[in-house]
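In what follows, a single structure is set out as structure tokens and then discussed.
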Amino acid sequence: MKYGKLAGLAILVMLFMAGPAAAQDYEVGAMSVGIFGGYSFSVAGDAMEDVDGTEFKHQFTGGGGIMYRFPMGFALEIDAQYLNFKYEEEIDDGDDVEFGKLTQVPLMLWAKWQGKVEQGITGHGGVGAGISFTSFDVSDDWSDELGVDGGNFDIETDTSFVFGVNAGIDYFFTPEFSISLDGKYLYSKVDYEGTYSDGVDEVDFDGTFNGHNISVLLGFRYWFPVE
């Protein structure tokens, strides 16, 4: 959580800086394609809603998007991001056991203020919403870690809504090529249904994963002027 709070503070700083930096815009519309990668921090507290001792481990992330920037600086962007968090539970002796991995692939539409300059520093910030395609892969090793003869878990997750805010700083090497340092916060809850079978009995269960996370991202973007 400590790293997640620091990343959240970084987003606020980037959002504050993005406003004055974007004032350097010139009045030309543009389209761009970009890729990004970095590190994601779960800020959910308990990974499973209302279940103490559950957590998601921080992981690398990546994605890409397409943006159109209108001449006055307002921009619309569609992007997708790959998130894959290890899910762990604390057992009686205090050890953490990995039970599987939650994958989220949010596909989002962003409304942004995007600065653009011939060369130099500018900024961006915005809000977004979309849907997240999810899955949960059960670990093959959980029973060995617990030292028991394990049964079989099968967990199915639902597609979820996701909401976000992001902000960052851009540096333009040329009017066509820029890099960015970006902070992104995503809020999502992922409902699931599961079955546990030990070969004799079968138990059904359900619940909700807290998928909230903050990502710190390095991006690369190519711009196409639109007159």
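The values are calculated or read from the model by the stated rules, or taken from the named source; none is laboratory data. This is a predicted model, so every value here is computed, not measured. Cβ sites come from the backbone with ideal geometry, for glycine too, and all protein chains shown count toward neighbours. SASA here: full protein model, heavy atoms, side chains in, ligands and nucleic acids out. Shrake-Rupley method; radii C 1.70, N 1.55, O 1.52, S 1.80 Å.
At-a-glance table
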item	result
Cross-chain or 6+ apart pairs with Cβ under 9 Å, segment 166-183 first and free of Cβ contacts under 8 Å to residues at least 60 places away in the same chain, then of a type in the set (D, E) and exposed (fewer than 15 other Cβ atoms within 10 Å of the Cβ)	F172/E118; T174/E118; P175/E118
Total residues in segment 58-72, condition open to solvent by 30 Å² or more (accessible area, probe 1.4 Å), closer than 28 Å to E88 by Cα and in a strand (DSSP E or B)	2
Selected residue (only one of E49, E77, E55 is open to solvent by less than 40 Å² (accessible area, probe 1.4 Å) and either in contact (Cβ under 8 Å) with a residue 24 or more places away in the chain or out of contact with any strand residue (DSSP E or B) (no Cβ under 8 Å at 6 or more places or on another chain) (or both))	E77
Out of F36, F41, sole residue that is open to solvent by less than 80 Å² (accessible area, probe 1.4 Å), modelled with pLDDT of 85 or more, part of a strand (DSSP E or B) and touching a helix residue (DSSP H, G or I) at 6+ places or on another chain (Cβ under 7 Å)	F41
Every pair of residues 6+ apart whose Cβ atoms lie under 9 Å, when the first sits in segment 90-101 and is at pLDDT below 80 while the second is of a type in the set (K, R) and open to solvent by 70 Å² or more (accessible area, probe 1.4 Å)	D96/K57
Qualifying residues in segment 155-208 (those that are open to solvent by less than 10 Å² (accessible area, probe 1.4 Å) and among the β-branched types (V, I, T)) - the one farthest from G37 (Cα to Cα)	V190
Hits in segment 190-205 - residues which are among the acidic types (D, E) and over 24 Å from G130 (Cβ atoms)	D198, D201, E202, D204
Any strands (runs of 3 or more DSSP E) falling wholly within segment 159-216 and containing at least 3 residues that are within 13 Å of the chain's Cα centre (by Cα)	160-172, 177-197
Matching residues in segment 110-120 - criterion: being loosely packed, with under 14 Cβ neighbours inside 10 Å and not charged (D, E, K, R)	A111, Q119, G120
Any hit, segment 140-148, residues being modelled with pLDDT of 95 or more and either more than 14 Å from the chain's Cα centre (by Cα) or buried (at least 17 other Cβ atoms within 10 Å of the Cβ) (or both)	no
Any chance I78 is within 30 Å of Y192 (Cα to Cα) and either at pLDDT 95 or above or of a type in the set (S, T, N, Q) (or both)	yes
